[in-house]
1. Among the numbered criteria (1) within 19 Å of Leu40 (Cβ to Cβ); (2) under 14 Å from the mean Cα position of the chain (by Cα); (3) of a type in the set (Gly, Ala, Ser), which one does Gly77 miss?
2. May I ask you to list pairs of residues, at least six apart or on different chains, whose Cβ atoms are under 8 Å apart, with the first in segment 55-74 being more than 12 Å from Val87 (Cβ to Cβ) and open to solvent by 40 Å² or more (accessible area, probe 1.4 Å) and the second being of a type in the set (A, V, I, L, M) and not in a strand (DSSP E or B)?
3. Which pairs do you get when a residue that is over 14 Å from Thr68 (Cβ atoms), found in segment 105-127, comes within reach of a residue that is part of a loop (DSSP other than H, G, I, E, B), reach meaning Cβ atoms under 7 angstrom, with the pair 6+ apart or on two chains?
4. Return the total of residues in segment 94-126 being at pLDDT 95 or above, open to solvent by 70 Å² or more (accessible area, probe 1.4 Å) and assigned to a loop (DSSP other than H, G, I, E, B).
5. I need the full set of residues from segment 1-26 which are of a type outside the set (Gly, Ala, Ser), open to solvent by less than 80 Å² (accessible area, probe 1.4 Å) and modelled with pLDDT under 95, in order please.
Amino acid sequence: MPEHYRHSVSVAGVAVRDDGRILMIRRRDNGALQIPGGILEQGEDIFTGLAREVEEETGYTVRALRLTGVYKNMKIGVVALVYRCEVIGGEATVNDEAAEVLWLDRKTIEAESVEAFAVRVTDALDRLEPATRAHDGTSLL
C-alpha cells in the first residue's frame, strides 16, 4: 500500500418516524437509495458533521442517539460511522445531492438498496450493540 494512503471517514443517520418509516434519499448522481450522510470535513467533529450532512441532503435537523455500526468500503477506503437519529426539525428539501427525500418502510429499503447499504438500516433497527462490517460497495464481505 502506498505510504500516502489515507482513509476517509463518513457519517450517516438512520432516522425513524413513529410509524416505523425510515428517512432515505435517492441520490441524484446514480439513483441509489441510501440513508443520508457523507464525508466529514477537516476539523469537523463527528456529531456536527452528521447533523450537517443529514440537513444538507434532506432538509431535516437531526440529533444522534447512538452509534449503530461501523462499515468499511474495502475498495475505496471509506469508513462510515452510522448513528440512529431523531428528527428535531426542518422539512424535506431536494437538492443537488438528493433527487428525492423519502420515508420508506423496511421491506422497500431491503428490496431497493444494495446489501452494503440496506444492512446499515437493519443494523440500526435490530442490533443493541454497534455492528462492524466490511463491504465492497455493493455486497458484504
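1. (2)
2. The qualifying pairs are Met74/Leu141.
3. Hits for this filter: Asp105/Gly20; Asp105/Arg21; Val114/Thr138; Glu115/Thr138; Glu115/Ser139; Ala116/Gly137; Ala116/Thr138; Ala116/Ser139.
4. Residues in segment 94-126 being at pLDDT 95 or above, open to solvent by 70 Å² or more (accessible area, probe 1.4 Å) and assigned to a loop (DSSP other than H, G, I, E, B): 0 in total.
5. Pro2, Tyr5 - these are the residues of segment 1-26 that are of a type outside the set (Gly, Ala, Ser), open to solvent by less than 80 Å² (accessible area, probe 1.4 Å) and modelled with pLDDT under 95.
The values are calculated or read from the model by the stated rules, or taken from the named source; none is laboratory data. Here the structure is a predicted model, which means the values were calculated and not measured. Note that we place each Cβ from the backbone using ideal geometry, even for glycine, and neighbour counts take in every protein chain shown. SASA here: full protein model, heavy atoms, side chains in, ligands and nucleic acids out. Shrake-Rupley method; radii C 1.70, N 1.55, O 1.52, S 1.80 Å.
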